[in-house]
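This report concerns only the one structure given below.
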Amino acid sequence: MAYQEPLPKDTLLLDEFKIVGLLGTGGFANTYLAHDSSLGREVAIKEYFPSELAIRVPGSTRVEFKSSAQEAQFNWALRRFVREAQTLAKFRHPSVVRVFRVFRSNNTAYMVLEFIHGSDMEAWLKQIARPPTQTELDHLLPPLLDALDVVHGAGILHRDIKPANVYIRASDQQPVLLDFGAARFASSSEFASKTAAIVSKGYSPHEAYSTDSQLQGPWTDIYGMAATIYRSLAGRPPPESTMRALEDRCVPATQLSIATEYRPDFLQALDHALAVMPKDRPQSIHEWRRRLLPNSPSTPRANPNAADPTTMLAWRPISLPPSHSRSLPKQTLETTRRPASDAPAPAAAEPRAPEPTSAPATRDRSMPSGRATQPGAVAAPQRSAGSHRTLLIGLVLFVFGGVALAAAWLSNRPPELAVTGPEPSPGTSIRPGATQTDTSAQSAREQARVQEENARKERELAETERRKRDAARAAAEQKKRDEEAARASTEARPAPGTNAPAVETEDEARARAWADRKAREEFMSKRQGAGGSQ
């Protein structure tokens, strides 16, 4: 259909990039060969085009989402595409394809990549028409493992490692990882578990068939790399991982017919990385590399907690000619890392003068034995030691002088001590020890204040308890009076059959008793008032 067609040849993007042809297409992007007119070079351009979400407007270069229901997911994935391009552009590793630029146009985004002149690993294997030797694999794998370690350190997974995505650069025969269009950040988000599964038959692990990206990690790329190596040895990839989960018929690498031509630990590490369950595989490139290539020097590992990937990934390994050994001797590595100030000095041109008898006492202990030194190299440590002795003597004299001055001051001080506080009134004499007396008095006053405060609190507590007891006693007396009033009302009730007024209810009796009590209290109050007035 027309909307599925890629950009036609000679399409111009940003008036700089002219489409030359189509290099490939996948579920998330189309890749083109283009000419960069501004710099006069060939580049690869990857166009964000998720086939499940997007269509090409017929007769136009514009990309649209298929329905309004998919707009949010389309825009979310578009932002991630741009973010991944920006992060990959910061990498400076020869085995990670370079990203020169990312821009938005036609309602989508484009990633401008380095165009690698060479052939992919699949074509290289067909060209040599034999399994690669152990030496060839030891030369090919370290740059790829370094590149994956760098990418994983930034929180990015490739997720589609296979021979077609490993290119052998024609200029230096170094491998390069391509097609990061399937890469995804290992982070949670609203749509992080809703992305389509990206799989390559035989090279994708079991968890790659799930759309939940949270199940994937460095172990996912480790499986893809191990399956790529297995294909180079066996001539075919491992069986599809979904079939292996049901019944694993994969022949272990240690049991291949050519197993004797490779290191046993190399083949065992390969089988370890091809485990069906993620938890049974190595969990990091660093862990896997120690078993796969124990004699290969590893690169500095990127710090995944660093805020800026530029500061942790700006590393470029030393490139060696193919004929040079990939493993540098230990002495060579130590010499490379040694600071300039710690480098051995050249041999002396003239014979050294005999050292004085005091030389052993002033010899620089930090210099290892056997290291060549220049003429006069011992003189500087001697002067340094003399300076240290002078400084030590001066420090001792200073301490003793301070102690002597303090002793003299203590022996000659006046017997009277200044009294802090208000100025004494005229005629008041200050006695020796007045300061100690005032301190004792202040302490006694403070103690008395604390005791008084405690006594006040005890009185308040006692008063509270007394009020509670009085309230309880009054409630008990009131209850008793109410009971007596009720009993009196019951006794005053006429016998049945008598011609008497209607019997009062309990509430009426209680009300009458309360009224009588109030009347008595008023009478007594008036009587007491009359008695007081007399």
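Computed from the coordinates by the stated procedures, all read-outs in this text should not be read as laboratory data. Computed from a predicted structure; not experimentally measured. Cβ placement follows ideal geometry from the backbone for every residue including glycine, while neighbour counts extend to all protein chains displayed.
Values as computed for the structure displayed
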| quantity | calculated |
| --- | --- |
| Likely footprinting exposure, ASP470, ASP36, fewest C-beta neighbours within 10 Å first | ASP470, ASP36 |
| Cα Rg over Rh - the range 2-114, Kirkwood | 0.96 |
| Local electrostatic count at PRO8 - Lys and Arg +1, Asp and Glu -1, tallied over other residues with Cβ under 15 Å | +1 |
| Residue-count net charge about ALA253 - beta-carbon cut-off 13 Å; Lys, Arg +1, Asp, Glu -1 | +1 |
| Straight-distance crosslink candidates among lysines, where the alpha carbon sits under 24 Å from LYS468 and sequence neighbours closer than 8 are dropped | LYS457, LYS479, LYS480 |
| Residue order, fewest to most surrounding Cβ atoms within 10 angstrom, among PHE400, PHE49, PHE17 | PHE400, PHE17, PHE49 |
| Cα extents of the range 201-297 along the three principal axes, largest first (Å) | 39, 30, 18 |
| Proximal lysines to LYS46, defined as alpha-carbon separation beneath 25 angstrom and excluding residues fewer than eight positions away on the same chain | LYS9, LYS18, LYS66, LYS90, LYS162, LYS194, LYS201 |
| Footprinting exposure proxy for ILE45, ILE156, ILE116 (fewest neighbouring C-beta atoms within 10 Å first) | ILE116, ILE156, ILE45 |
